[in-house]
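The structure appears below as structure tokens.
The values are calculated or read from the model by the stated rules, or taken from the named source; none is laboratory data. If you're wondering where the values come from, they're calculated on a predicted model, not measured in any experiment. Note: ideal-geometry Cβ built from the backbone for every residue, glycine included; neighbour counts use all protein chains shown.
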Ligand code: PMV
């Protein structure tokens, strides 16, 4: 049967990807590193069938316009998968994010990793993690790090065809079992400048970006070593300084890009206070104001209290380190009915934190 369902989760980088050397097939200027987390998953079902007259994509129960240029670019992996599998069948893709409403979390990493895994499985391909990472990369750079779990490094590669630009696990999820990610939702809505447009502008205009590129290879090595030793104090300093460095190049971009808001800055100061006597927390920010704080299990209550004490923090989510995508094998877990090819009525129950497929309720 040409149907597959996969759940994938986001990753939060500690050495950030910000800048491409190839915009079409998404090759980065430098390597990056992240942890794949175990919550905020995206479930995606892909089905190929001669019943379908055209490709169709449903995200969070809304039909997505596949003729939109940016969407079409993000979905370029679909045609590559069809070509490799030797099929011309049209696809139906149904995807839902298990994120709290209006969380402002980027879903591109989990979404495009889930798509690479589900579409290739549905097409009958049995790809390696490296091949899946390369496919996911074509949709969104950071997605290439979500096809595997634990502490992950995206090797920038040097080849023009991108065949050596992929992510792999450096340390598995159970390497540092005490590590947690505490994420604070600070603002709603879509980001002002997309990461795609923003990083292009930084590479083109920022003077500081040259200094960033010069320091990244050493940082990648130091971070690998700190995580290997589970040296939280060193890891935390590297992580926070790296986030600051990326945001400095954003501000140095012309016209300037500012993703951090006043609340993000309050979090930065509050983490500084928390760390006054002992390093307990490490903040990192992506292309948006939400704060992601790495900490150890024993310090989670204190970090949560600190965040909840800041006026304007809307929600706090605690995650562990995750193992990467999961293939759901049960027929009833597909978001598409394999017999009819129809989308099954489904929704995300935020309270219970699970996906409900309406047919199950009967
Ligand atoms: O994959 P994109 O295009 O959404 O870029 C993500 C870039 C950052 O989140 C800011 C950094 C990173 O490495 O995840």
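Where in the stretch 15-98 are there strands (runs of 3 or more DSSP E), lying wholly inside it, with at least 2 residues that are away from the ligand (no atom under 16 Å from the Cβ) and touching a helix residue (DSSP H, G or I) at 6+ places or on another chain (Cβ under 8 Å)? Even if it seems obvious, please write down each step before you answer.
Numbers: elements: 20-22, 32-36, 42-49, 56-59, 90-97.
The strands (runs of 3 or more DSSP E) meeting that bar are 42-49, 90-97.
Within the stretch 176-193, take every residue that is within 16 Å of the ligand (Cβ to nearest atom) and surrounded by fewer than 14 Cβ atoms within 10 Å (Cβ to Cβ) and give me the one that is modelled with the lowest pLDDT.
Ranking the qualifying residues of the stretch 176-193, first place goes to 190.
State all residues of the stretch 149-168 that are touching a residue at least 40 places away in the same chain (Cβ under 8 Å), over 19 Å from residue 121 (Cα atoms) and away from the ligand (no atom under 14 Å from the Cβ); if no residue qualifies, say none.
Matches in the stretch 149-168: 150, 157, 160, 161, 162.
Select, from 142, 146, 133, 110, the only residue that is crowded, with 19+ Cβ neighbours inside 10 Å, free of Cβ contacts under 8 Å to residues at least 60 places away in the same chain, within 16 Å of the ligand (Cβ to nearest atom) and within 25 Å of residue 174 (Cα to Cα). Steps first, answer last, please.
On the way: 142 fails: free of Cβ contacts under 8 Å to residues at least 60 places away in the same chain; 146 fails: free of Cβ contacts under 8 Å to residues at least 60 places away in the same chain; 110 fails: free of Cβ contacts under 8 Å to residues at least 60 places away in the same chain.
Result: 133 is the single residue among 142, 146, 133, 110 that is crowded, with 19+ Cβ neighbours inside 10 Å, free of Cβ contacts under 8 Å to residues at least 60 places away in the same chain, within 16 Å of the ligand (Cβ to nearest atom) and within 25 Å of residue 174 (Cα to Cα).
From 317, 355, which residue is surrounded by 12 or more Cβ atoms within 10 Å (Cβ to Cβ) and closer than 30 Å to residue 120 by Cα? Give the steps one after another, and end with the answer.
Details: 317 fails: closer than 30 Å to residue 120 by Cα.
Unique residue meeting the criteria: 355.
Would you mind stating whether residue 265 is away from the ligand (no atom under 16 Å from the Cβ), surrounded by fewer than 16 Cβ atoms within 10 Å (Cβ to Cβ) and within 19 Å of residue 15 (Cα to Cα)? Walk me through how you get there before you give the answer.
Values: away from the ligand (no atom under 16 Å from the Cβ): yes; surrounded by fewer than 16 Cβ atoms within 10 Å (Cβ to Cβ): yes; within 19 Å of residue 15 (Cα to Cα): no.
The answer is no for residue 265.
Of all residues being assigned to a loop (DSSP other than H, G, I, E, B) and within 14 Å of the ligand (Cβ to nearest atom) in the stretch 1-14, which is surrounded by the fewest Cβ atoms within 10 Å (Cβ to Cβ)? Just the residue, please. Full working, then the answer.
As a first pass, look at the stretch 1-14 and keep what is assigned to a loop (DSSP other than H, G, I, E, B): 1-2, 9-10.
Still in the running and within 14 Å of the ligand (Cβ to nearest atom): 9-10.
On the way: 9: 25, 10: 32.
Ranking the qualifying residues of the stretch 1-14, first place goes to 9.
Quick one: is residue 211 within 16 Å of the ligand (Cβ to nearest atom), assigned to a helix (DSSP H, G or I) and surrounded by fewer than 22 Cβ atoms within 10 Å (Cβ to Cβ)? Quick ask: steps written out before the conclusion?
Values: within 16 Å of the ligand (Cβ to nearest atom): no; assigned to a helix (DSSP H, G or I): yes; surrounded by fewer than 22 Cβ atoms within 10 Å (Cβ to Cβ): yes.
Against the criterion (within 16 Å of the ligand (Cβ to nearest atom), assigned to a helix (DSSP H, G or I) and surrounded by fewer than 22 Cβ atoms within 10 Å (Cβ to Cβ)), residue 211 does not qualify.
Here are some conditions: (1) in contact with a helix residue (DSSP H, G or I) (Cβ under 8 Å, 6 or more places away or on another chain); (2) closer than 21 Å to residue 259 by Cα; (3) within 16 Å of the ligand (Cβ to nearest atom). Residue 223 meets all but one. Which one does it not meet?
Checking residue 223 against (1) in contact with a helix residue (DSSP H, G or I) (Cβ under 8 Å, 6 or more places away or on another chain); (2) closer than 21 Å to residue 259 by Cα; (3) within 16 Å of the ligand (Cβ to nearest atom), the one that fails is (2).
So how many residues does the stretch 282-314 have that are more than 16 Å from the ligand (Cβ to nearest atom) and either crowded, with 24+ Cβ neighbours inside 10 Å or not in a loop (DSSP other than H, G, I, E, B) (or both)?
Initial filter on the stretch 282-314 (more than 16 Å from the ligand (Cβ to nearest atom)): 295-314.
With the extra rule that they be either crowded, with 24+ Cβ neighbours inside 10 Å or not in a loop (DSSP other than H, G, I, E, B) (or both), the set shrinks to 295-308.
Qualifying residue count, the stretch 282-314: 14.
Looking at the stretch 323-341, I want the residues that are at positive phi and have a partner that is in a loop (DSSP other than H, G, I, E, B) and surrounded by 12 or more Cβ atoms within 10 Å (Cβ to Cβ) with Cβ atoms under 8 Å, at least 6 apart or on another chain. Which pairs are those?
324/9; 324/146; 324/147; 324/148; 324/149; 324/150; 341/51; 341/52
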